[in-house]
Amino acid sequence: MPTREALERVVERVRRTPLGERIPAGWEALTDLPFTTKEDLRRHYPLGLVTVPHEQLRRIHASSGSRGKPTIAAYTQHDLDVWSEVMADCLTMAGVQPGMVLHNAYGYGLFTGGLGFHQGAERIGALTIPVSGGVTARQALLLRDLRGQVLCSTPSYALHIAQGLREAGIGPDELALEIGLFGAEPWTEGMRDQLEAELGLVALNIYGLSEIVGPGVAAECPEGRDGLHVMEDHFLVEVIDPETGAPAPDGTDGELVFTTLTKEAMPLLRYRTGDIASLDREPCVCGRASARMSAVRGRRDDMLIIRGVNLYPSQIEEALLHVDGVAPHYQLIVERPGQLDELTVLCEGKGANLASRVKEAIREQVGVTVRVLVRPLGEIPRSEGKAVRVVDKRT
Ligand SMILES: [Zn+2]
């Protein structure tokens, strides 16, 4: 846990913002402090929550925001330095060494993925290739010809690159890949197996969000691969019941909440991420004692309630990846033709009775009956950033 002084410093900073008036005068514990939501950021768009004079700002990032205004993140030089440091720590933990060739296929621009990895990689002295997203054939060529050892991208885009490598006739033995750092969207153990088999690397999960800093909030160690170590010197983590806001016990799924302990430009108290995960505070096999968060199961907003059963897209993914002949690309269509929600799973593949085998696997894994449509390989839209897994057609 951080020192009381660290928390008091953040509280004093946040008091300078319009959200400060919500902080109770005699607060004692973290749980006495108010939550901050994405709605708060929207209401004070674009720079209403900045606590420093504007001439001290050095950079702005923004997340696209699935609806409405983008969410702005502002940084001082100190904030950028901290970000580089936590990213460097995550990369080092993953086994990235000075001089290694790092192929960065995260998008550069307002999205924090590209520059976040870039800064951390340069800080530890990796040879950093800012490929960004897109032009998959070129990704495959550069990965082979520049001997990329570390691949950084969203997991869905990494699979797309793997497909590009196959199409270019480049086999895993022609590649130098050792480590993959995949994040920015939920993914599963089944996806990990697939990425490791197709790309011949160790696939590690990394987590972050622009509101808190960008990538580098937490990452897996290769020794344990059992939860992501949270960079607790800078980010205080909690998990809460998304309905009541009460703290969730360790090991129980709930909404991830972060307090930034060292951020200057836009410090946030108890920011509700909307991401669903659980916490483990037992020491890890790697020897690090920091709290670990589970892989994100999904977004609070992505939770589907299908005939009374709560489910996340990642559970469908897990079921799909256990069916022979199914490609790891899928989309979920939610409709409400009558009174009840209906879920259609679009997937790709070939093989006898594929639709009924997929339907059975999902029924076993999740306990709901869904409609399954199998499409030929390549028909489900690919994404170069975060994959669109759920299409909600309910009004
Ligand atoms: Zn560990």
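The values are calculated or read from the model by the stated rules, or taken from the named source; none is laboratory data. Keep in mind that this is a model prediction, so the values were computed, not measured. Positions of Cβ are backbone-derived with ideal geometry, glycine not excepted, and every protein chain shown enters the neighbour counts. For accessibility, only protein heavy atoms count, side chains too; no ligands or nucleic acids. Shrake-Rupley method; radii C 1.70, N 1.55, O 1.52, S 1.80 Å.
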Of all residues in region 240-253 being open to solvent by 10 Å² or more (accessible area, probe 1.4 Å) and under 23 Å from residue 23 (Cα atoms), which is modelled with the lowest pLDDT? 243
May I ask you to list pairs of residues, at least six apart or on different chains, whose Cβ atoms are under 6 Å apart, with the first in region 180-196 being closer than 14 Å to residue 321 by Cα and the second being open to solvent by 10 Å² or more (accessible area, probe 1.4 Å) and not in a loop (DSSP other than H, G, I, E, B)? 188/314; 188/318; 190/318; 194/328
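Restricting attention to region 110-160, report how many residues are assigned to a helix (DSSP H, G or I), open to solvent by 40 Å² or more (accessible area, probe 1.4 Å) and touching a Phe, Trp or Tyr at 6+ places or on another chain (Cβ under 7 Å).
From region 110-160, those assigned to a helix (DSSP H, G or I) are 112-124, 136-145, 155-160; that's our starting set.
Next, only the ones that are open to solvent by 40 Å² or more (accessible area, probe 1.4 Å) stay: 115, 122-123, 137-138, 141-142, 144-145.
Pick out the ones that are also touching a Phe, Trp or Tyr at 6+ places or on another chain (Cβ under 7 Å) and you get 115.
Within region 110-160, residues that are assigned to a helix (DSSP H, G or I), open to solvent by 40 Å² or more (accessible area, probe 1.4 Å) and touching a Phe, Trp or Tyr at 6+ places or on another chain (Cβ under 7 Å) number 1.
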Would you mention how many residues in region 314-366 are closer than 23 Å to residue 253 by Cα, within 26 Å of the chain's Cα centre (by Cα) and charged (D, E, K, R)? 2
Filter region 333-367 down to residues that are of a type outside the set (Ser, Thr, Tyr) and open to solvent by less than 70 Å² (accessible area, probe 1.4 Å), then give me how many there are. 19
Any residue in region 366-395 that's at positive phi: show its pairings with residues that are modelled with pLDDT under 85 at Cβ separation under 6 Å, as long as the two are six or more apart or on different chains. 367/309
Just name the residue that is nearest to the ligand (Cβ to nearest atom) out of those in region 185-195 that are touching a Leu at 6+ places or on another chain (Cβ under 9 Å) and open to solvent by 20 Å² or more (accessible area, probe 1.4 Å). 189
Quickly run through region 196-209 and pick out the residues that are open to solvent by less than 20 Å² (accessible area, probe 1.4 Å) and over 17 Å from residue 229 (Cβ atoms). 199, 201
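For residue 288, state whether it is away from the ligand (no atom under 16 Å from the Cβ) and either open to solvent by less than 50 Å² (accessible area, probe 1.4 Å) or on the phi < 0 side of the Ramachandran plot (or both). If you could, list the steps in order and put the result at the bottom.
Values: away from the ligand (no atom under 16 Å from the Cβ): no; either open to solvent by less than 50 Å² (accessible area, probe 1.4 Å) or on the phi < 0 side of the Ramachandran plot (or both): yes.
So residue 288 does not fit the description; no.
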Find all pairs meeting these conditions: Cβ atoms under 9 angstrom apart; at least six residues apart or on different chains; first residue within region 161-176 and under 17 Å from residue 194 (Cβ atoms) and not assigned by TED's automatic domain parsing to the domain that holds residue 201; second residue outside any helix (DSSP H, G or I) and at pLDDT 95 or above. none
Quick count over region 302-315, residues being aliphatic (A, V, I, L, M), in a strand (DSSP E or B) and without any contact (Cβ under 8 Å) to a residue 60 or more places away in the chain, is 3
Sort out for me the helices (runs of 4 or more DSSP H) sitting completely within region 1-109 that have 2 or more residues that are aliphatic (A, V, I, L, M), in contact (Cβ under 8 Å) with a residue 60 or more places away in the chain and more than 27 Å from residue 248 (Cα to Cα). 77-94
Here are the criteria: (1) open to solvent by 20 Å² or more (accessible area, probe 1.4 Å); (2) away from the ligand (no atom under 16 Å from the Cβ); (3) free of Cβ contacts under 8 Å to residues at least 60 places away in the same chain. Tell me which single one residue 299 does not satisfy. (3)
Taking into account only those residues within region 271-285 that are touching a residue at least 40 places away in the same chain (Cβ under 8 Å) and not charged (D, E, K, R), which is nearest to the ligand (Cβ to nearest atom)? 284
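In this structure, is residue 319 in the same structural domain as residue 185 (by TED's automatic domain parsing) and either modelled with pLDDT of 90 or more or surrounded by 14 or more Cβ atoms within 10 Å (Cβ to Cβ) (or both)?
Working: in the same structural domain as residue 185 (by TED's automatic domain parsing): no; either modelled with pLDDT of 90 or more or surrounded by 14 or more Cβ atoms within 10 Å (Cβ to Cβ) (or both): yes.
So residue 319 does not fit the description; no.
Among the candidates 78, 61, which residue alone is open to solvent by 20 Å² or more (accessible area, probe 1.4 Å), modelled with pLDDT of 95 or more and not aromatic (Phe, Trp, Tyr)? Write out each step before concluding.
On the way: 61 fails: open to solvent by 20 Å² or more (accessible area, probe 1.4 Å).
Being open to solvent by 20 Å² or more (accessible area, probe 1.4 Å), modelled with pLDDT of 95 or more and not aromatic (Phe, Trp, Tyr) holds for just one of 78, 61, which is 78.
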Every residue from region 196-209 that is more than 16 Å from the ligand (Cβ to nearest atom) and under 15 Å from residue 296 (Cβ atoms): 208, 209
Quick one: which residue in 228, 268, 256, 236 is farther than 21 Å from residue 57 by Cβ, touching a helix residue (DSSP H, G or I) at 6+ places or on another chain (Cβ under 8 Å) and either within 16 Å of the ligand (Cβ to nearest atom) or open to solvent by less than 20 Å² (accessible area, probe 1.4 Å) (or both)? 236
Filter region 212-225 down to the residues that are open to solvent by less than 10 Å² (accessible area, probe 1.4 Å) and closer than 16 Å to residue 288 by Cα, then identify the one that is nearest to the ligand (Cβ to nearest atom). 221
